[in-house]
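Peer 1: Have a look at this one before I ask anything.
No value in this document is a laboratory result; all are computed from the given coordinates. All values derive from a computational prediction rather than experimental measurement. Here the Cβ positions follow ideal geometry from the backbone for every residue, glycine too, while neighbour counts run over all protein chains shown.
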Amino acid sequence: MKNEKIGSDLTISVSNFHMSYDEMGEGIIPVIFLHGFPFDKTMWAEQLEFLKSSYRVIAVDIRGFGQSVDEESELSIEMFADDLIALMDALYIEKAVVCGLSMGGFITLNAHQRFPERFEALIL
């Protein structure tokens, strides 16, 4: 299913909070970018711009960073990984290439360890 919302600073309700993300492109293969600590999704702006002509690209503000505000939860890599899978479900993404830098890489590995069928490839 194609997502009807494309653009910057979008929000979607996942795992009891509002996750902020940018989405561009309409390619068949979705590529999701997870930032490192203490950054936010804007660190991926150039990659999204470059890849959007060939891929559906999504950059996420991880819970507690950027515009994905959550001051109530006790944050953990496992929680962030669960949020990634919840985002994929909410955006109707069965499988994706996930690119994680630093903390984003730990999140990606945690999610892949528990849900390997949801990943086309990892970029760490």
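Peer 1: Give me the distance in nm between label points sitting 7 Å out from Cα along the Cα-to-Cβ direction at VAL97 and LEU122, one decimal.
Peer 2: Computed distance between label sites VAL97 and LEU122 equals 1.6 nm.
Peer 1: How long is region 17-124 along each principal axis, judged by its Cα atoms, biggest number first, in Å?
Peer 2: Each principal axis gives a Cα extent; for region 17-124 these are 38, 28, 24 Å.
Peer 1: While we're on this one: Any chance you could run the full-extension gain for ILE77 through SER8? It's 0.36 nm times the residue separation minus the Cα-Cα distance, nm to one decimal. Show your work: numbers first, answer last.
Peer 2: Values: separation 69, 0.36 × 69 = 24.84 nm, distance 2.49 nm.
Length gained between ILE77 and SER8: 22.4 nm.
Peer 1: While we're looking at this one, here's another question. Quick one: check the C-alpha center-to-center distance for region 41-67 versus region 75-124, whole angstrom.
Peer 2: If we compute the Cα centre of each part, the gap is 14 Å.
Peer 1: Continuing with the same structure: For the chain, with a Gaussian network of springs between Cα atoms less than 10 Å apart, report the residue from GLY66, GLY105, GLY27 with the top mean-square fluctuation.
Peer 2: Evaluated over the chain, the most mobile residue of the options is GLY27.
Peer 1: Separate question: Once both labels are modelled 7 Å past Cα along the beta-carbon direction, what's the ALA90-GLN67 spacing in nm?
Peer 2: If labels sit at ALA90 and GLN67, their model points lie 1.3 nm apart.
Peer 1: Now a separate question. Using alpha-carbon pairs under 8 Å, 6+ residues apart, how would you state the relative contact order of the chain in percent? Write out the running numbers ahead of the final one.
Peer 2: On the way: 247 pairs, mean separation 33.1, N = 124.
After rounding, I find 27 percent.
Peer 1: How much length, in nm to one decimal, is gained on full extension between HIS18 and GLN113, taken as 0.36 nm per residue of separation minus their Cα-Cα distance? The partial results should precede the final answer.
Peer 2: On the way: separation 95, 0.36 × 95 = 34.20 nm, distance 2.50 nm.
Result for the pair: 31.7 nm of gain on full extension.
Peer 1: With both partners inside the chain, how many of the DSSP beta bridges are antiparallel, as a percent to the nearest 5? Working shown, then result.
Peer 2: Numbers: 11 of 24 bridges.
Antiparallel bridges make up about 45 percent of those DSSP assigns within the chain.
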